[in-house]
Amino acid sequence: PVAVAGLTNAVEVRAGDYHTCARRMDGTVWCWGYNFYGELGDGTMINRPTAAAVMNLTTAVQIESGANFNCARLMNGEVHCWGRNLEGQLGDGFRTNRTAPYPVQAPTATASVPVTQGGFTDMQCDYYRCYGRTSANTVMGWGWNYPLRATVRPELAAVTFNRRVVTFGEPIDTECEIRTDNLTYCRGRNEFGQVGVGRASFTESAFAPLTERFSVVRLGRGYGTPCGIERTTGRALCWGWAGNSSLLATGATGVTARASEVVMP
């Protein structure tokens, strides 16, 4: 590990593709690395080997990174995003890249009358898409709408989640959510059983509940090896592709389409 030059008082760090961002204690956000799409948010498209301040952000309380974009949730409940926007992942109603933060727009916004969406209490971004949970405990989503690949939603729209969405995948081929009934639901790409419902298939387009109840679920990179922490026991369970020793701790090999306990030393 090498210390990031000139960056102190960092309280949160997120990494995208070839770039990294950090939120400081004072509410500012600093990014460094690749900047072809404006993902550093400094108003330029110049790659930077040291951290540069993101423009016009002084009250950030949470940051998230996707492939080549970033979002920050502000103290007032707004979410501002910047970087690549070809898949609508900035939620501004357009599909134009931005080199500086711009607020996510409400569903009622138009090109002539933008309306900033507020009230977010949490957010989660993956490769080309974001979700934000509101104070009313509903979830809004924007960006690439997998598994309906033909749909790109550059503006906010209500989705069917009821609780914090916990998803992290590349390339957003499998997603999971934990709902208010305390069950975990997954859908998406499933040729290695990464949906966790006991079968392997090319795609599971409908959300299916897992037998296990999780308090946290995270998805792996690439084909994904999802893992979760079981709510009542604290056990770590994983499922999906077990090649290359990715699930070696569970004793599984090949494909395991059901959650298997990770054997702790």
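The values are calculated or read from the model by the stated rules, or taken from the named source; none is laboratory data. Please read all numbers here as calculations on a predicted model, not as lab measurements. Glycine gets a Cβ as well: all are built from the backbone with ideal geometry, and neighbour counts include every protein chain shown. All accessible areas refer to the heavy atoms of the entire protein, side chains included, with ligands and DNA or RNA removed. Shrake-Rupley method; radii C 1.70, N 1.55, O 1.52, S 1.80 Å.
List of remarks:
- Highlighted here are the strands (runs of 3 or more DSSP E) found entirely within region 136-209 that include at least 2 residues which are modelled with pLDDT under 50: 152-158.
- Contact map, region 99-114: first residue over 16 Å from Cys130 (Cβ atoms), second residue open to solvent by 70 Å² or more (accessible area, probe 1.4 Å), Cβ cut-off under 7 Å, separation 6 or more or different chains; pairs are Thr99/Met45; Ala100/Met55; Ala100/Asn56.
- Scanning region 15-45 for residues that are open to solvent by 50 Å² or more (accessible area, probe 1.4 Å), in a strand (DSSP E or B) and either in contact with a Phe, Trp or Tyr (Cβ under 8 Å, 6 or more places away or on another chain) or modelled with pLDDT under 95 (or both) yields a single hit, Ala15.
- The single condition among (1) modelled with pLDDT under 95; (2) touching a Leu at 6+ places or on another chain (Cβ under 7 Å); (3) more than 21 Å from Thr116 (Cβ to Cβ) that Arg48 does not satisfy is (1).
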